[in-house]
Amino acid sequence: MIHILVTDLDGQVHDIHGHEGDSLMELLREHEWGTPAVCGGLCSCGTCHVYIDVDWLDTFPPTESDEQDLLDVFSSTTGNSRLSCQLVLQASHDGLKLTIAPED
Ligand code: FES
């Protein structure tokens with residue numbers, strides 16, 4: 001089991017869990033405080049935007065062009081922004097920390 005600490009838009013921290021191979025977006029959209037992920041992972045809406053804790057950023061593959069093109073549109077994008085629909089959990093992500101980004 002992979003534990004993830006998620007800070008929501010109100011600053012509340014939630015301890016959720018997933019398994020290797022799970023889509024991070026799928027885990028987050030199960031929760032009222034999570035991400036709406038409107039397009040369902042097609043990399044076209046950006047409503048799954050999260051800030052990955054900088055210590056964990058390099059544990060994911062770099063952004064591909066379609067993800068980066070979408071992130072570039074948002075004023076809320078920072079250096080640790082990712083679209084959670086593009087991120088797959090690995091066993092090494094146990095303890096991952098991230099924050100839900102505000103809707104742009
Ligand atoms: S769910 Fe729409 S871009 Fe990720």
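The values are calculated or read from the model by the stated rules, or taken from the named source; none is laboratory data. All of these numbers come straight from a predicted model, not from anything done at the bench. Methodologically, a virtual Cβ is constructed for each residue, glycine included, from the backbone with ideal geometry; neighbour enumeration extends over all protein chains shown. The area values use the complete protein model at the heavy-atom level, side chains included, leaving out ligands, DNA and RNA. Shrake-Rupley method; radii C 1.70, N 1.55, O 1.52, S 1.80 Å.
Quick notes on this one:
- Whole-Hz ³J(HN,Hα) from phi, Karplus 6.51 cos²θ - 1.76 cosθ + 1.60, for the range 53-61, glycine and proline x: 3, 4, 5, 10, 4, 6, 7, 10, x
- Of all DSSP beta bridges confined to the range 2-100, the antiparallel ones make up roughly 75%.
- The local environment of H3, defined by Cβ-Cβ distances under 12 Å, has a net charge of -1 under the rule Lys, Arg +1 and Asp, Glu -1.
- Relative contact order of the chain, defined on C-alpha pairs under 8 angstrom at six or more residues apart (%): 42 percent
- Solvent-accessible heavy-atom area per residue, rounded to whole Å², over the chain at 1.4 Å: 54 Å²
- Label zone at D104 (point 7 Å along Cα-to-Cβ), backbone N below 12 Å, the range 37-72: 44-50, 67-72
- Computed about the Cα centre, the dipole magnitude for the chain is approximately 40 debye when only Lys and Arg (+1) and Asp and Glu (-1) carry charge, each at its Cβ.
- Positive-end ranking of I52, S76, S65 along the dipole of the range 2-100, with charges on Cβ about the Cα centre, is headed by S76.
- Solution diffusion estimate, µm²/s, Stokes-Einstein, the range 22-74, Kirkwood Rh from C-alpha pairs, 20 °C, viscosity 1.002 mPa s: 179 µm²/s
- Computed from the Cα positions only, the extents of the range 2-100 along the three principal axes stand at 30, 27, 23 Å, in decreasing order.
- The chain, accessible surface, carbon-and-sulfur percent (1.4 angstrom probe): 48 percent
- Relative packing of 50-59, 80-89, which averages over residues the other C-beta atoms within 10 Å, highest first: 80-89, 50-59
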